[in-house]
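Notes for the one structure printed next.
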Amino acid sequence: MKITALETFVLHVPVSAGGIADSRHQLSHWGAPGVRIHTDTGLVGTGYTGTHAHLPSDRMITSCIEAAYGPLLLGRDPRSVQALWTTLQRHPPLQWVGRAGITHLAHAAVDVALWDLKAQAAGEPLWRLLGGSDEARLEAYDTDGGWLDRSDEQLVAETEARLAQGYRAVKLKVGSRDERGGFDPARDLRRVALVRQALPEGARLMVDANGGWDLATALEAGRELAAFDVTWLEEPIWYDDLPGHARLARALATPIALGEQLYTLDAFRDFIAAGAVHYVQADAVRLAGVSEWWRVAELAHAHHLPVVPHIGDMMQVHLQLALAHPACTLLEHIPWMRDCFEEPATVAEGRFVVPQRPGAGTALRDDALERYHVA
Ligand code: MG
């Protein structure tokens with residue numbers, strides 16, 4: 001089996017209700033720059049990463065795939081995915097210009113497409129190729145009802161709607177600002193109390209600051225969260241602030257979750273070694289694909305830390321990985337890209353349905369390319 005061609009694409013898919021906000025971002029569309037890798041067998045592998053639908057940066061990712069990685073891949077056997085990972089990651093000129101950022105996101109898309117091909121060639125869904133069981137029970141938690149720009153009334157209504165759908169775990173965004181642009185933790189805590197009140201006994205509530213607080217605010221607001229039985233506080237401060245997160249992890253009763261903004265196995269090693277993280281939110285499309293995600297999950301597992309993948313791939317690859325890896329029992333749900341896939345990740349009664357198609361779940365519907373492709 002040999003790689004014969006790489007074909008890149010950029011999808012811009014609308015988010016819920018015309019737009020969403022967290023403490024750092026306002027979005028109307030989710031971006032998925034990616035690649036379809038063609039082979040001499042006729043099998044085509046699909047992989048993509050996740051962005052905020054900014055076309056100039058999406059184009060940097062696809063041009064990295066075409067111009068830098070393409071020549072290293074043509075003629076190679078896509079099933080040698082671990083060897084190809086090392087080839088792409090350690091290629092001296094590329095290593096010089098990027099061990100994180102655009103090159104890493106581009107590598108993620110390529111690696112996912114290669115694993116998609118490997119699983120298709122084996123005639124199995126990726127979770128089975130990786131050793132998972134179809135009896136795996138993977139709980140879903142919902143994030144799409146808890147955006148920072150939703151009113152208190154909307155927040156409660158969204159929570160009640162999720163409960164009616166069978167969810168028993170939801171996430172709420174924090175990091176509100178007042179009219180003068182200062183932090184407004186009082187608004188955040190009021191909303192945490194409202195959602196907690198709307199949830200039945202035993203339901204899980206998570207909060208996510210998207211790196212928006214400073215350390216002093218995170219310490220102060222974080223202490224108040226203990227009264228609301230919050231499962232985790234996610235990215236309280238700037239993503240790369242390892243000593244700050246370590247301090248919060250020691251000071252707060254509420255566990256710390258992070259990882260959606262960490263690019264490498266080395267970064268996870270350092271956060272875990274410093275005791276700065278309790279819930280490891282590795283993202284296969286910010287790490288360099290399935291290959292590096294699996295290494296992070298194994299590292300976390302060796303420290304007896306749960307892995308709860310970030311939603312960055314809109315669930316398709318992460319569903320396969322979370323079904324296969326023993327460190328995973330919970331996965332985030334945001335349904336923005338549902339109508340892009342041949343077999344979209346689906347939640348029933350609060351659990352993910354186990355996908356059955358061979359591959360990584362990334363196969364795109366033809367009409368998704370027609371509707372969302374940005375020329
Ligand atoms: Mg998050």
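Looking at region 217-238, can you tell me whether even one residue there is more than 24 Å from residue 148 (Cα to Cα) and in contact (Cβ under 8 Å) with a residue 24 or more places away in the chain? Looking through region 217-238, none of the residues is more than 24 Å from residue 148 (Cα to Cα) and in contact (Cβ under 8 Å) with a residue 24 or more places away in the chain. Please pick out the residue among 375, 327, 284 that is within 16 Å of the ligand (Cβ to nearest atom) and assigned to a loop (DSSP other than H, G, I, E, B). Among 375, 327, 284, only 284 is within 16 Å of the ligand (Cβ to nearest atom) and assigned to a loop (DSSP other than H, G, I, E, B).
Just one residue in the set 273, 297, 282 is out of contact with any helix residue (DSSP H, G or I) (no Cβ under 8 Å at 6 or more places or on another chain) and either of a type outside the set (Phe, Trp, Tyr) or buried (at least 19 other Cβ atoms within 10 Å of the Cβ) (or both); that residue is 273. Candidates are the residues of region 196-221 that are over 22 Å from residue 153 (Cβ atoms) and of a type in the set (A, V, I, L, M); the one that is surrounded by the fewest Cβ atoms within 10 Å (Cβ to Cβ) is 216.
Close Cβ contacts (under 9 Å, 6 or more residues apart or on different chains) running from residues in region 128-148 that are in a strand (DSSP E or B) to residues that are of a type in the set (Ser, Thr, Tyr) comprise 139/167; 139/329; 140/167; 141/167; 141/231; 142/159; 142/167.
Residues in region 120-150 that are among the charged types (D, E, K, R) and modelled with pLDDT under 95 were compared, and the one that is surrounded by the fewest Cβ atoms within 10 Å (Cβ to Cβ) is 135. Scanning region 331-354 for residues that are surrounded by 19 or more Cβ atoms within 10 Å (Cβ to Cβ) and more than 24 Å from residue 280 (Cα to Cα) yields 340, 341.
The values are calculated or read from the model by the stated rules, or taken from the named source; none is laboratory data. Remember, it's a predicted structure, so these values are computed and weren't measured experimentally. Quick reminder, even Gly has a Cβ in these numbers, built from the backbone with ideal geometry, and neighbours come from all protein chains shown.
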